[in-house]
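Asker: I am attaching a structure below and will ask some questions about it afterwards.
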Amino acid sequence: MASDTPLPELMARVALQDRAAFQSLYQATCGSLFSVALRILRNENWADDVLQEAYVNIWHNAAAYRPGAGAPMTWMINIVRNKAIDALRARKAELALTSDLGDEAQNARDGLAADAAHEPQQLLDDSLVKAKIAGCMGTLPAAQRQALALAYYRGMVHTEIAQVLNAPLGTAKGWVRRGLEQLRACLEAVGVTQP
């Protein structure tokens, strides 16, 4: 398909699930749409993620585009903008949750240190294991880390996790399952065994 095809025509062909038109649409608009996401998120990796989600949305909802309501680029910019704002809100909520969980973990550590029944060597071993667990948690993608934190620090079930993270139930279950698998593999690699 010619790269100089007007966007309204490309959008009409994308609505018919024309992959070549979608590729042309992507090539014609990805730079501008990436700039929109980057301006809002100020992080290239996050902007890439948002852009991918936006193009999936564009592909699935191209038939909903109405030429009389505005230019295709305006419609696509709104999709990217909304997804970027949603991602920014999710990041802020994650940071707030992470700091809350950090406070709870600190309180738990303080209670452990005050327990005179623990021997110094045991306290050292426990703190080394906790440091390894924290290190492995840090390697997980944010969504998986957050889902695991909600499950294990807050005792939430899958439905509650999905609700808090504003995600479908299956997605939340997947985050917990994949997070546990990756965490287990990481812990085994650093020598932490299950009791």
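The values are calculated or read from the model by the stated rules, or taken from the named source; none is laboratory data. These figures come from a predicted structure and were not determined experimentally. Every residue, glycine among them, receives a Cβ derived from its backbone with ideal geometry; neighbour counts consider all protein chains shown.
Asker: In segment 35-66, what residues are in a helix (DSSP H, G or I), surrounded by fewer than 13 Cβ atoms within 10 Å (Cβ to Cβ) and not small (Gly, Ala, Ser)?
Answerer: 39, 44, 45, 52, 56, 60 - these are the residues of segment 35-66 that are in a helix (DSSP H, G or I), surrounded by fewer than 13 Cβ atoms within 10 Å (Cβ to Cβ) and not small (Gly, Ala, Ser).
Asker: Looking only at segment 152-195, which residues are crowded, with 16+ Cβ neighbours inside 10 Å and farther than 23 Å from residue 86 by Cβ?
Answerer: 180, 182, 183, 186, 187, 192
Asker: Every residue in segment 86-114 that is among the charged types (D, E, K, R) and either assigned by TED's automatic domain parsing to the domain that holds residue 150 or at pLDDT 70 or above (or both), please. Write out each step before concluding.
Answerer: Step one: filter segment 86-114 for residues among the charged types (D, E, K, R), giving 86, 89, 91-92, 94, 100, 103-104, 109-110.
The answer is 86, 89, 91, 92, 94.
Asker: Right, here's the next one. Taking the conditions exactly as written (under 15 Å from the mean Cα position of the chain (by Cα), among the β-branched types (Val, Ile, Thr) and outside the structural domain of residue 162 (by TED's automatic domain parsing)), does residue 80 satisfy them or not? Explain how you work it out, then say what you get.
Answerer: Details: under 15 Å from the mean Cα position of the chain (by Cα): no; among the β-branched types (Val, Ile, Thr): yes; outside the structural domain of residue 162 (by TED's automatic domain parsing): yes.
No; evaluated as a whole, the condition is false for this residue.
Asker: Could you list all residues from segment 146-195 that are among the small types (Gly, Ala, Ser) and part of a loop (DSSP other than H, G, I, E, B)?
Answerer: Here is the first cut: in segment 146-195, the ones among the small types (Gly, Ala, Ser) are 147, 149, 151, 155, 162, 167, 170, 172, 174, 179, 185, 189, 191.
If the condition is that a residue be among the small types (Gly, Ala, Ser) and part of a loop (DSSP other than H, G, I, E, B), then 155, 167, 191 are the ones that fit.
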